[in-house]
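Please read the structure below before turning to the comments.
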Amino acid sequence: MGREQWKKIWVGSAGNMVEWFDWFVYASFAVYFADAFFPKGNDTANLMNTMGIFAVGFFMRPVGGWLLGRVGDRRGRKAALTLTVTLMSASAILIAVAPTYAVAGYGGIAVLLVARMLQGLSVGGEYAASATYLTEASAPERRGFASSFQYVSMTAGQLLGLALQIILQRSMSEQALHSWAWRIPFIVGALGAGIVFYLRRNMLETDVYAEDDTRTDPDRGTMKALWAHKREAFLVIALTMGGTVAYYTYTTYLTKYLSGTAGLSKPTASLVSFCALFLFMCLQPLAGRLSDRIGRRPLLITFALGSTFLTVPIMTLLKHAGSFWPALGLSLLALVVVTGYTSINACVKAELFPTGIRALGVALPYAIANALFGGTAEYVALWFKNGGIESGYYWYVSGCAAVSLVVYLTMRETRTIDLHRVGKETGDGTGERVLAS
């Protein structure tokens, strides 16, 4: 892979890293600022309220998917990627300066809510824009490898957030973290977004987009055009369902589960998550490259089988892990299973749609699936816990994976699709559609 190819991967994924740093630190630092925006009382209830606002960001993702997906298809991938990081920077600044309940009453919650809505808009478009860019910018035989860097960058953003959390936990008192130090990561995120904005202003457009012969089509990037590919859109929702629930369970929720249920200290829980996520990040390109050799379906099916049948025992054992090493081993096992989905889901979705509707086709259905399942995962988990039936959540995750398993078993392979010919009539039918058979 040449230098120019690596540059495209770096620029396309660097912004994704900052986006997900900001997105993740909200969830990971929620245990420290939950009480700052609500009246003193039930800690679990306050955390649920804070995570409820977290879920609002997910429900804004379909709006962001529609808006920024349209921009990506009509104005170019570069325009969409630049706009997403601008919105994320604004949201990070708002959270960093949001007034607490003691200062402004429920006014602080309003600021927090607006910031989360901006984050939702941004991430709703970022996923599709970066997935589309990384898939289109790579050689056909390396699309799985190149697109795997989307989750490398996403995980890197989470690791940076966790690393900062660990540093703050070890260098500051619990009182300082609850009082004011939780604002630090959002300031860091805003600064990082400014750097990425500069990088993306000078990025190159993909050849697939630049050479597309439908760029003057007035329906390009519209809901009308997407409706013509509604079957692919529903396929994206179905194949995302199990993966997004499992992913958020073992990433954003894991630290809280280890500290709140397994009984590990907050610093130990953060360290477990950091180590597991680092190894998980390293696995992504390996799995992506494997999919370029053997296909996407084998990895997706492996993930769904593992998540369906291993979630309940893994979560049950994690509850009784008791110390660092058992918790790390079980967490890593779960993330190895999830790798079958995360490493290639971006390119699989991008390979389903033609160029003129690819960004919107990936963005909107994926964002809807995340709003319904990924964004609510932590809230559902806390709801089960608050109701005294926490193990019910384990079965919920397994059930979602089982639904996606049916989709993976019946869908066709996308590895050999020609991105220039998707959606166009061809003699052998390979350029038309990739649907459940």
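Restricting attention to region 246-264, and to residues there that are β-branched (Val, Ile, Thr) and open to solvent by less than 10 Å² (accessible area, probe 1.4 Å), which single residue is farthest from Leu317 (Cα to Cα)?
Going through the qualifying residues, I end up with Thr252.
If you go through region 46-95 one residue at a time, how many are open to solvent by less than 40 Å² (accessible area, probe 1.4 Å), at pLDDT below 85 and polar (S, T, N, Q)?
Total meeting the criteria: 2.
Among helices (runs of 4 or more DSSP H) lying entirely in region 96-187, which contain 3 or more residues that are open to solvent by less than 30 Å² (accessible area, probe 1.4 Å)?
Hits in region 96-187: 107-136, 143-147, 149-171.
Of the residues Leu364, Leu335, Leu318, Leu372, only one is open to solvent by 30 Å² or more (accessible area, probe 1.4 Å) and part of a helix (DSSP H, G or I); which?
Leu372
Between residues in region 372-389 that are acidic (Asp, Glu) and residues that are in a loop (DSSP other than H, G, I, E, B), which pairs lie under 9 Å by C-beta distance while being six or more apart or on different chains?
Qualifying pairs under 9 Å: Glu378/Thr252; Glu378/Tyr253.
Can you tell me which of Ala129, Ala190, Ala156 is closer than 27 Å to Asn49 by Cα and in contact (Cβ under 8 Å) with a residue 24 or more places away in the chain?
Ala190
What residue, of Val338, Val348, is under 20 Å from Leu258 (Cβ atoms), modelled with pLDDT of 95 or more, under 21 Å from the mean Cα position of the chain (by Cα) and hydrophobic (A, V, I, L, M, F, W, C)?
That would be Val338, the only listed residue that is under 20 Å from Leu258 (Cβ atoms), modelled with pLDDT of 95 or more, under 21 Å from the mean Cα position of the chain (by Cα) and hydrophobic (A, V, I, L, M, F, W, C).
The values are calculated or read from the model by the stated rules, or taken from the named source; none is laboratory data. Everything numeric here is computed off the predicted structure, so don't read it as measured data. Don't worry about glycine lacking a Cβ; one is built from the backbone with ideal geometry, like all the others, and counts go over all protein chains shown. Just so you know, the surface numbers come from the protein's heavy atoms only, side chains and all, with ligands and any DNA or RNA stripped out. Shrake-Rupley method; radii C 1.70, N 1.55, O 1.52, S 1.80 Å.
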